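Student: Input: one structure, supplied below.
The values are calculated or read from the model by the stated rules, or taken from the named source; none is laboratory data. Just so you know, these numbers come straight off a predicted model, no measurement behind them. Because the Cβ atoms are built from the backbone with ideal geometry, glycine has one as well, and the counts that use them run over all protein chains shown. Accessible surface is based on the protein model in full, side chains and every heavy atom, while ligands, DNA and RNA are left aside. Shrake-Rupley method; radii C 1.70, N 1.55, O 1.52, S 1.80 Å.
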Amino acid sequence: MQITVNGDIRDVEQPISIAALLLEMGLRDRPCAVELNREVVPRAQHPTTTLAEGDRLELVTLVGGG
Amino acid sequence: MTTATQPQHAPLRIAGRELSSRLVVGTGKYATFDLMRDALDASGCEVVTVAVRRERLYNDQGRSLLEFIDTDRYTILPNTAGCFSADDAVRVARLGRELLDQLDNPGAGWVKLEVLSDTKTLLPDPIGTLEATKTLIADGFDVLVYTSDDPVMARRLKEVGAASVMPAGSPIGSGQGVLNPLNISLCLEMLKEGDADYPVIVDAGVGGASDVATAMELGADGVLLNTAIANADNPVLMASAMRGAIEAGRMSRLAGRIPKKRYASASSPMRDTIGWIPGE
């Protein structure tokens, strides 16, 4: 199925949790906040939140800023 | 009298957090992360601002900002920089809170709110700023809100519950200093009327240490800056200068400066100069 991650379309195996996606992308072990269809999904819910076709994800972290 | 009881050492209280440094320093624009770490250290700050951005999914060979910030030492204040609508700013604030929750940092739950108008001036959009402030407060945030130096807007933001109002000295990164000291002092007067401990931080526009001292002399509780240190020829030395300016400006405020006078007032006695003729 296709989902959108940070604006890019991505093909992923179904079913897949947010935790599994982060693992696949190498982001599981670092600070990363996830927004699924404009709602934040807390880290504790990443393993139990399953993605669906057309989902839109934002994966963000902290960078330098003023 | 011990130093702890001297008024210039009184901590700054914002939203239940007690800070001994009144300087808040940004983490953007440094040539290297090592330089940033050393400048933060020299500034003596306890609170650092950060931005929230998408993970780079490709070619990310760089190191993470967080490897260079001791999260046990610094409280991280996430900003909503780059947001041009209240909606985006609210989303970014919530993502920032989630990140700081993951880091178990005391910065989780507060936000430096910026809702900007356009990329050229980066001036705050007052309508969007007020809207996002209300939404985030309803969502449980302590909102430290970046605004223009408009005293009426500042008061509106306090009325809806902002934890701190942060008027700009001049546009972000401009280095123009405090362009309208009258407006900043009116902001301070309105925000602190009957509420002297309400925290007001001058945010943005600082170029040099004198700008920091000016803001503190006007009665600000603190100063937030980034570019003035990060883009100085010697950021670590400038960070040290800013640290001194915060203290000098605050002590000058507390000491009570003399009023400005139109004409001179001699410091040396006018009588008994040589050639002085009594009675003339």
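Student: Measure of size requested: the Rg and Dmax of chain B, with Cα atoms as the atom set and Å as the unit; please supply both.
Tutor: 20.9, 88
Student: Residues of region B:19-178: accessible area per residue at 1.4 Å, in Å²?
Tutor: It amounts to 41 Å² per residue over region B:19-178.
Student: Identify, among B:69, B:33, B:86, the residue whose Cα sits farthest towards the positive end of the charge dipole of region B:14-97, taking +1 on the Cβ of Lys and Arg and -1 on the Cβ of Asp and Glu, with the dipole about the Cα centre.
Tutor: It is B:86.
Student: Quick one: give the max-minus-min coordinate of the C-alpha atoms of region B:155-209 along each principal axis, largest first, in Å.
Tutor: Largest to smallest, the principal-axis extents are 32, 18, 18 Å.
Student: In addition: For peptide B:96-103, how many partner chain Cβ atoms fall within 10 Å of a residue's Cβ, on average?
Tutor: Average per residue, whole number: 6.
Student: Per residue and in Å³, how big is the convex hull formed by the alpha-carbon atoms of the protein assembly as shown?
Tutor: Cα convex hull per residue, to the nearest whole number: 177 Å³.
Student: On to the next question. Given the options B:43, B:174, B:148, state which has the largest fluctuation in a GNM of chain B using a 10 Å cut-off (strictly under) for Cα springs.
Tutor: Judging by the Gaussian network model, the answer is B:174.
Student: While we're looking at this one, here's another question. How do the peptides B:28-37, B:213-222 rank, highest first, by the average count of neighbouring beta carbon atoms within 10 Å per residue?
Tutor: B:213-222, B:28-37
Student: Shielding by partners for A:39-51, please: the mean number of other protein chain Cβ atoms within 10 Å of each residue's Cβ. Before the final figure, lay out each step's value.
Tutor: Numbers: counts 2, 9, 1, 4, 4, 2, 0, 0, 0, 0, 0, 0, 0.
Mean shielding by partner chains, rounded to a whole number: 2.
Student: Compactness ratio of region B:39-161: Cα Rg over 2.2 N^0.38 Å, N = residue count?
Tutor: Normalised Rg, Cα atoms only: 1.11.
Student: Next question, about the same structure. Pairs to check: B:112/B:158; B:112/B:134; B:158/B:260. Give those whose C-alpha atoms are more than 24 Å from each other in this structure.
Tutor: Beyond 24 Å: B:158/B:260.
Student: Rounded to the nearest percent, how much of the accessible area of the protein assembly as shown (1.4 Å probe, protein heavy atoms only) is carbon and sulfur?
Tutor: 50 percent
Student: Okay, next question. For n ≥ 4 DSSP H runs only, could you compute -39500 (n - 2.57) per run for chain B, divide by its residues and tell me the 222 nm figure to the nearest 500?
Tutor: After summing the helix terms and dividing by residue count, I get -11000 deg cm²/dmol.
Student: Also, quick follow-up: Mind jotting down the three principal axis lengths of chain A based on Cα atoms? Whole angstrom, largest first.
Tutor: Extents along the principal axes: 39, 23, 21 Å.
Student: GNM on chain A, C-alpha springs below 10 Å: top fluctuator among A:27, A:36, A:51?
Tutor: Sorting by GNM fluctuation, first place goes to A:27.
Student: In addition: Using 0.36 nm times the number of residues separating residue B:182 and residue B:119, minus their current alpha carbon distance, what extension gain do you get?
Tutor: 20.0 nm
Student: With the dipole of chain B worked out from charges on the C-beta (+1 for Lys and Arg, -1 for Asp and Glu) around the Cα centre, which of B:258, B:133, B:226 lies farthest toward the positive end?
Tutor: Most positive-ward Cα: B:258.
Student: While we're on this one: Please list, ordered by chain and number, the residues whose modelled amide H lies under 5 Å from the amide H of residue A:55; skip anything fewer than 5 residues away on the same chain.
Tutor: A:4
Student: Let me ask another. How large is the charge dipole for chain B, taken about the Cα centre, if only the Cβ atoms of Lys, Arg (+1) and Asp, Glu (-1) carry charge, to the nearest 20 debye?
Tutor: Details: 28 positive and 36 negative charges, 112 e Å.
Computed charge dipole of chain B: roughly 540 debye.
Student: OK, next. Using the alpha-carbon centroid of each, what span in Å lies between region B:204-280 and region B:152-192?
Tutor: A separation of 20 Å, based on Cα centres.
Student: To the nearest 20 debye, what charge dipole does the protein assembly as shown have about its Cα centre, counting +1 at the Cβ of each Lys and Arg and -1 at the Cβ of each Asp and Glu?
Tutor: On the way: 34 positive and 46 negative charges, 201 e Å.
It comes to approximately 960 debye.
Student: Same structure, new question: Taking each residue of A:17-23 in turn, how many C-beta atoms of other protein chains fall within 10 Å of its C-beta, and what is the average?
Tutor: Per residue, the average neighbour count from other chains is 0.
Student: In addition: Running a GNM on chain B with Cα contacts under 10 Å, which residue among B:15, B:162, B:86 ends up with the highest mean-square fluctuation?
Tutor: B:15
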